[in-house]
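Trainee: Pasting in a structure now, in structure tokens, and then I'll have a few things to ask.
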Amino acid sequence: MEKSRRKLTFLRLMVSHGIVPVEKVRNNPNVKDRDFTDVLVYIVTSGIADEYKIKDFFVNFLNLTPYNPKEHKVNIDPELVKNISYNYMKKKKFVPISYKDGSTLAVAVFNPVDKEILQYLKFMGIKNIELYVASYSEIEALLREIAPIASAEEVLTDMEISAQVEEETVTEEEEDINATVSHAKEEPIVKASRLFIVNAVRQGASDIHIEPFEKEVRVRYRLDGILRTVQKLPVTMKDPLVARYKIMANLDIAEKRLPQDGRIRIKIDGKPIDLRVSTVPTVYGEKVVMRIQDAQSYLSLKLEDLGFEPDDLEKVRKAIYSPWGMVLVTGPTGSGKTTTLYTALMERNTEDVNISTAEDPVEVSIPGINQVQIRENIGLTFAEALRSFLRQDPDIILVGEIRDRETAEIAIKAALTGHLVFSTLHTNDAPSSITRLVDIGVEHFLVGTAVNLVVAQRLVRKLCDNCKLPAQYPKEFWKGLGLSDKDIEEGKFYVHNPDGCEHCNRTGYKGRIAVHEILEVDDELRKLILSGATASDIKDSAIKKGMRTLYQSGLLKVKKGITDIAEVERVLIK
């Protein structure tokens, strides 16, 4: 009765202070007859109230010290953490962080009015306790931090998965399965392995990293191009978790000394997801990286969705509808080259067009396109696949990547004999793609005649529309970056909010967009290429003809309020 009264008192106070909207909690079954900590978690995770406003309320009302992640570092005896139930900490949202003066335990807590936490710690023999009020996400981060020194069984049994997951069944050879493999097939490890994939897909991550270290296993997601730690696990989970993913990807579980590549196909709530799996042996064990390929998201994209400026989109469309020639997309790994190429192929994917692709690996299966998986170990190289394509009456050929002279020469000859050829290169900008082909060993006249268009691209993070702030820079600042008076007058300049909000995971950015450098090869540029011009000569000529550099394209996105100058300068060189 007293607990219920205390809960109602503090909930009413939060309503009266404007932190919690009364209509969201009145007669709400998720609030009635529940532990107050559970109510607070529900209020925050449902987006009813801001977790930092709840934190400030407790700090001010109870005159407590706020937890500061930069100031209050975890420095606690691992034995103490092992004695305190990890599941209880997770349930009650509290984490011991340090012993002050060797006698007072500092505890970060989400709900400082929960007396059960104090009673529990005192029962454990801790006499002096000092509370620090933390937000929900700060507690979750602390729980991840101490997970490596908690009990592995507790960390695993606490994981809940709220999705229907179907794995594609694979046939396994009969072999002597050791203890690690039997652990990998146990329910808690199966659940954990699926949970990391489900959460990554739901958060829109592009990659999952499972990394072994001396005293922990770290799980990181790449979100909007930036790696973020989402979980730290006890080191005892390393072998069974890696073995589990190797079973799912049909890899050799016994081979731990060599890198391996494979593929996992699963359905999450009926939606097919492909994961490209790579394992590499490190000094502390095997590291697993999984690239998430969401086939449905690829198939629904259009060129208009990729961030092209209107004049650049016109050039791209003209090139992909050319009857012959070569279109190159260039940029580093993770710059969106595959997305651009697949979207262009989807636009041309009609019944009257024969499209063949050679890829390593085939990232997304596209209905209506003939896709070939390169297998160099049996002699099926890019060059060999290309030769066979030319006997298959193709209209459009995609070569996943031009890596050597042989592949480059066959691709260019295909482009000169009435085929439209798409491919990728790893170069820093569009003009250097021309000179890269020459460096590989292709003759100047072949490159100059075959290449129609080069698209260089990078991905920049978009500002969160919910919390972005107006930029307060003077006019001279923008002029110094190369913007004209007209640009500055027309522009809508913003910067990211360093504190972020719940919509953008406190980063200030949400989603990504591509910036492009489009090099259209016309007669004048062909003459330059034939004369053996350098990349800088080609670049200067293209800029005079109106080509925007990657940096200038980034500035256009800044002018439109899509991203900010800090992000452009992080990704691009002026």
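The values are calculated or read from the model by the stated rules, or taken from the named source; none is laboratory data. Being a predicted model, the structure only gives us computed values, none of them experimental. Cβ: placed from backbone, ideal geometry, glycine included. Neighbour counts: every protein chain shown. Protein only, heavy atoms only, side chains kept; ligands, DNA and RNA dropped before computing areas. Shrake-Rupley method; radii C 1.70, N 1.55, O 1.52, S 1.80 Å.
Trainee: Go through Tyr88, Tyr99 for me and flag whichever is part of a strand (DSSP E or B), surrounded by fewer than 19 Cβ atoms within 10 Å (Cβ to Cβ) and modelled with pLDDT under 90. Step through it out loud before you land on a result.
Mentor: On the way: Tyr88 fails: part of a strand (DSSP E or B).
None of the other options fit; the residue is Tyr99.
Trainee: Somewhere in segment 281-288, is a residue hydroxyl-bearing (Ser, Thr, Tyr), open to solvent by 10 Å² or more (accessible area, probe 1.4 Å), farther than 21 Å from Ser365 by Cα and in contact with an Asp or Glu (Cβ under 9 Å, 6 or more places away or on another chain)?
Mentor: As a first pass, look at segment 281-288 and keep what is hydroxyl-bearing (Ser, Thr, Tyr): 282, 284.
Now narrow it down to the ones that are open to solvent by 10 Å² or more (accessible area, probe 1.4 Å): 282, 284.
Keeping just the survivors that are farther than 21 Å from Ser365 by Cα gives 282, 284.
Pick out the ones that are also in contact with an Asp or Glu (Cβ under 9 Å, 6 or more places away or on another chain) and you get 282, 284.
Yes, some residue in segment 281-288 is hydroxyl-bearing (Ser, Thr, Tyr), open to solvent by 10 Å² or more (accessible area, probe 1.4 Å), farther than 21 Å from Ser365 by Cα and in contact with an Asp or Glu (Cβ under 9 Å, 6 or more places away or on another chain).
Trainee: Let me ask you something else. Asn111 versus (1) of a type outside the set (A, V, I, L, M, F, W, C); (2) open to solvent by less than 10 Å² (accessible area, probe 1.4 Å); (3) within 15 Å of Gly125 (Cβ to Cβ): which is the lone unmet condition?
Mentor: Unmet condition: (3).
Trainee: Does segment 289-305 hold any residues that are over 17 Å from the mean Cα position of the chain (by Cα) and open to solvent by less than 30 Å² (accessible area, probe 1.4 Å), and which are they?
Mentor: Answer for segment 289-305, where residues must be over 17 Å from the mean Cα position of the chain (by Cα) and open to solvent by less than 30 Å² (accessible area, probe 1.4 Å): just Leu303.
Trainee: From the list Ser356, Ser322, pick out the single residue that is outside any strand (DSSP E or B) and among the hydroxyl-bearing types (Ser, Thr, Tyr). Write out each step before concluding.
Mentor: Numbers: Ser356 fails: outside any strand (DSSP E or B).
Step by step, each of Ser356, Ser322 is checked, and only Ser322 is outside any strand (DSSP E or B) and among the hydroxyl-bearing types (Ser, Thr, Tyr).
Trainee: Ok, one more. Where in segment 131-207 are there helices (runs of 4 or more DSSP H), lying fully within it, with 1 or more residues that are open to solvent by 70 Å² or more (accessible area, probe 1.4 Å), of a type outside the set (Lys, Arg) and modelled with pLDDT of 65 or more?
Mentor: 136-146, 187-203
Trainee: If you go through segment 284-312, how many residues are modelled with pLDDT of 95 or more and out of contact with any strand residue (DSSP E or B) (no Cβ under 7 Å at 6 or more places or on another chain)?
Mentor: So the count comes out to 0.
Trainee: If you don't mind, another one. Return only the number of the condition from (1) in contact (Cβ under 8 Å) with a residue 24 or more places away in the chain; (2) closer than 30 Å to Arg194 by Cα that Leu328 does not satisfy.
Mentor: Failed condition: (2).
Trainee: I would also like to ask the following. State the number of residues belonging to segment 503-524 that are part of a helix (DSSP H, G or I) and either surrounded by fewer than 18 Cβ atoms within 10 Å (Cβ to Cβ) or free of Cβ contacts under 8 Å to residues at least 40 places away in the same chain (or both).
Mentor: Residues in segment 503-524 being part of a helix (DSSP H, G or I) and either surrounded by fewer than 18 Cβ atoms within 10 Å (Cβ to Cβ) or free of Cβ contacts under 8 Å to residues at least 40 places away in the same chain (or both): 3 in total.
Trainee: Given the residues Lys337, Lys271, which is the only one that is in contact with a strand residue (DSSP E or B) (Cβ under 6 Å, 6 or more places away or on another chain) and either basic (Lys, Arg) or farther than 20 Å from Ala411 by Cβ (or both)?
Mentor: Values: Lys271 fails: in contact with a strand residue (DSSP E or B) (Cβ under 6 Å, 6 or more places away or on another chain).
The match here is Lys337.
Trainee: Shifting gears a bit: So which residues in segment 208-229 are open to solvent by less than 60 Å² (accessible area, probe 1.4 Å), under 14 Å from Arg291 (Cβ atoms) and among the basic types (Lys, Arg)?
Mentor: Across segment 208-229, the qualifying residue is only Arg220.
Trainee: Among all residue pairs at least 6 apart or on different chains, which show Cβ distances below 6 Å where the first residue, located in segment 540-568, is closer than 12 Å to Leu525 by Cβ and in a helix (DSSP H, G or I) and the second is modelled with pLDDT under 95 and open to solvent by 20 Å² or more (accessible area, probe 1.4 Å)?
Mentor: Note: pairs meeting the criteria are Ser541/Leu528.
Trainee: With at pLDDT below 90 and more than 15 Å from Trp324 (Cβ to Cβ) as the only criterion, which of Asp429, Asp487, Asp439, Asp465 stands out? Reasoning before the result, please.
Mentor: Working: Asp429 fails: at pLDDT below 90; Asp439 fails: at pLDDT below 90; Asp465 fails: at pLDDT below 90.
Criteria check complete, one pass: Asp487.
Trainee: Please state which one of Ser541, Ser531 is small (Gly, Ala, Ser) and either open to solvent by 60 Å² or more (accessible area, probe 1.4 Å) or touching an Asp or Glu at 6+ places or on another chain (Cβ under 6 Å) (or both).
Mentor: Values: Ser541 fails: either open to solvent by 60 Å² or more (accessible area, probe 1.4 Å) or touching an Asp or Glu at 6+ places or on another chain (Cβ under 6 Å) (or both).
Criteria check complete, one pass: Ser531.
Trainee: Answer yes or no: is there a residue in segment 364-383 that is over 25 Å from Ser335 (Cα atoms) and touching a strand residue (DSSP E or B) at 6+ places or on another chain (Cβ under 8 Å).
Mentor: Yes.
Trainee: Hey, could you check segment 259-275 for residues that are open to solvent by 80 Å² or more (accessible area, probe 1.4 Å) and in a strand (DSSP E or B) and say which is farthest from Val201 (Cα to Cα)?
Mentor: Taking the candidates together, the pick is Asp261.
Trainee: If I ask for residues that are among the β-branched types (Val, Ile, Thr) and over 24 Å from the mean Cα position of the chain (by Cα), which ones from segment 528-574 would you list? Don't jump to the end; show me each part of the working.
Mentor: As a first pass, look at segment 528-574 and keep what is among the β-branched types (Val, Ile, Thr): 529, 534, 538, 543, 549, 558, 562-563, 565, 568, 571, 573.
Those that are among the β-branched types (Val, Ile, Thr) and over 24 Å from the mean Cα position of the chain (by Cα): Ile529, Thr534, Ile538, Ile543, Thr549.
Trainee: In the list Val364, Val372, which residue meets the criterion of being at pLDDT below 90 and aliphatic (A, V, I, L, M)?
Mentor: Numbers: Val372 fails: at pLDDT below 90.
Among Val364, Val372, only Val364 is at pLDDT below 90 and aliphatic (A, V, I, L, M).
Trainee: Would segment 471-479 turn up any residue that is over 23 Å from Lys315 (Cβ atoms) and among the basic types (Lys, Arg)? If you could, list the steps in order and put the result at the bottom.
Mentor: At the first step, the residues of segment 471-479 found to be over 23 Å from Lys315 (Cβ atoms) are 471-479.
So of that shortlist, the ones also among the basic types (Lys, Arg) come out as 475, 479.
So far as segment 471-479 goes, yes, one or more of its residues are over 23 Å from Lys315 (Cβ atoms) and among the basic types (Lys, Arg).
Trainee: Here is a follow-up. Could you check segment 234-258 and list, in sequence order, the residues that are touching a strand residue (DSSP E or B) at 6+ places or on another chain (Cβ under 9 Å) and within 21 Å of Ser206 (Cα to Cα)?
Mentor: Across segment 234-258, the qualifying residues are Leu241, Val242, Tyr245, Lys246, Met248, Ala249.
Trainee: I would also like to ask the following. Which of the residues that make up segment 358-387 are within 18 Å of Thr338 (Cβ to Cβ) and hydroxyl-bearing (Ser, Thr, Tyr)?
Mentor: Quick first cut of segment 358-387, residues within 18 Å of Thr338 (Cβ to Cβ) only: 358-374, 382, 385.
Within segment 358-387, just Ser365 meets the criteria.
Trainee: Still on this structure: Could you tell me which numbered condition Pro69 fails, if it satisfies all but one of (1) at pLDDT 90 or above; (2) surrounded by fewer than 18 Cβ atoms within 10 Å (Cβ to Cβ); (3) under 26 Å from Lys100 (Cβ atoms)?
Mentor: Every listed condition holds for Pro69 apart from (1).
Trainee: Related question: Between a first residue in segment 364-377 that is at positive phi and a second residue that is surrounded by 14 or more Cβ atoms within 10 Å (Cβ to Cβ), which pairs have beta carbons less than 8 Å apart while being 6 or more apart in sequence or on different chains?
Mentor: Gly368/Asn349; Gly368/Ile355
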